[in-house]
Every structure is written in C-alpha cells, then in structure tokens.
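Shown next, in structure tokens, is the structure this report addresses.
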Amino acid sequence: MPHPSMNADQFVALRNLATRFRTAIERSIAEQATPHLPYFPDGACRLVSHLLALHLSRQGYQGIRYQHAAFPGQEAHIRHGWLVVDGATVDLTADPYGQPPVVVTSASAFHASLEAPAGEDALAAIAALPPEARSRYERFLGPIVARLGAAGAA
C-alpha cells in the first residue's frame with residue numbers, strides 16, 4: 001500500500017530498489033566480498049540504513065530520515081533503526097524481530113509498537129560523521145552496489 005505522498009509506481013520502485021539492495025548485501029556476504037558487513041541483519045540496522053540512505057540519495061531520493069526507537073520493556077539504549085523515505089517505512093533489518101526481510105510500507109504495526117521514537121535527516125547525520133567513518137561507509141557500499149546488477153537478475 002503506497003504512502004499518500006507517493007503514487008503506486010513510485011512506491012513499487014522504492015520497494016524494488018530496497019529488495020535489490022538487501023539481495024546485494026546478502027550476495028556480498030555470501031561471496032565474502034572485501035569488505036562485507038561483519039554482521040547482518042542482527043545489530044546492523046544503523047549501518048545498513050545509512051548505506052541504503054546513501055544509495056537512495058544517489059538515485060534521486062530526498063528527505064530521507066533515519067528513525068530509531070526502543071523495544072518495549074527493554075533498556076532505552078536497546079534500539080532499532082530504519083529509514084523513512086517520502087513517508088514510507090523502509091527497513092532491511094527487521095527480520096530478526098519476526099518481520100519480513102524487506103519492509104516497505106506506509107504503516108507498520110511493528111515499528112509503531114516501538115517506544116521513544118527519534119529521528120534525524122539521514123544524509124545530514126552521515127555528513128556530520130568524521131571523514132574516516134564516511135570513508136568506511138563508502139568501502140562497505142562499494143561491494144553492495146557492485147552486486148546490484150546481479151541482484152536484479154535473481
């Protein structure tokens with residue numbers, strides 16, 4: 001179901017891009033690309049969300065927010081993160097919590113159940129990182145982007 005700020009074609013395009021990105025991550029790990037994510041999907045929500053935000057921005061998406069919230073009944077620092085793109089929830093790391101491997105939706109009961117939500121402009125947060133951290137992101141992003149063509153063919 002598309003978010004009201006996007007038409008059905010835009011929503012499908014975002015879903016397809018997110019699905020291909022997740023598949024490319026999985027391929028880079030399976031092929032032991034250098035570097036590949038040392039952990040995924042467990043514990044990788046912020047890194048994966050930021051990598052996807054960078055990729056989406058290069059595809060022309062704007063207004064990408066990184067959203068994070070705490071799990072009910074857990075310590076406040078135990079949080080999960082995802083992106084909000086044109087109002088749609090986009091999450092590639094919710095499967096450890098019983099969600100699909102790729103979530104692209106206008107409404108998610110799982111995400112709504114999380115507590116103390118906070119968010120920030122994803123690209124501004126990435127730009128504010130020290131140069132070595134931004135460089136690390138680019139190194140992780142390279143093998144993923146290199147596998148996007150293969151992910152589309154799968």
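In table form, for the structure just shown:
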item: Filter result (assigned to a loop (DSSP other than H, G, I, E, B) and touching a helix residue (DSSP H, G or I) at 6+ places or on another chain (Cβ under 7 Å)) within region 69-84; result: PRO72
item: Top-ranked residue in region 88-137 [being surrounded by fewer than 18 Cβ atoms within 10 Å (Cβ to Cβ) and touching a residue at least 60 places away in the same chain (Cβ under 8 Å); ranked as nearest to the chain's Cα centre (by Cα)]; result: PRO101
item: Scan of region 60-84 for residues that are open to solvent by 70 Å² or more (accessible area, probe 1.4 Å) and modelled with pLDDT of 95 or more, ordered by number; result: ARG65
item: Hits in region 91-114 (condition: closer than 19 Å to GLY43 by Cα and in a loop (DSSP other than H, G, I, E, B)); result: LEU92, THR93, ALA94, GLY98, GLN99, PRO100, PRO101, VAL102, LEU114
item: Filter result for ASP86 (closer than 22 Å to ARG15 by Cβ and charged (D, E, K, R)); result: yes
item: Residues of region 44-68 that turn out to be assigned to a helix (DSSP H, G or I) and under 17 Å from ALA13 (Cα atoms), as a count; result: 7
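The values are calculated or read from the model by the stated rules, or taken from the named source; none is laboratory data. Note that the coordinates shown come from a computational prediction; the quantities given were computed from them, not determined experimentally. Please note: Cβ atoms are built from the backbone with ideal geometry, for glycine as well, and neighbour counts cover all protein chains shown. Side chains are part of the model used for accessible areas, which takes the heavy atoms of the whole protein and leaves out ligands, DNA and RNA. Shrake-Rupley method; radii C 1.70, N 1.55, O 1.52, S 1.80 Å.
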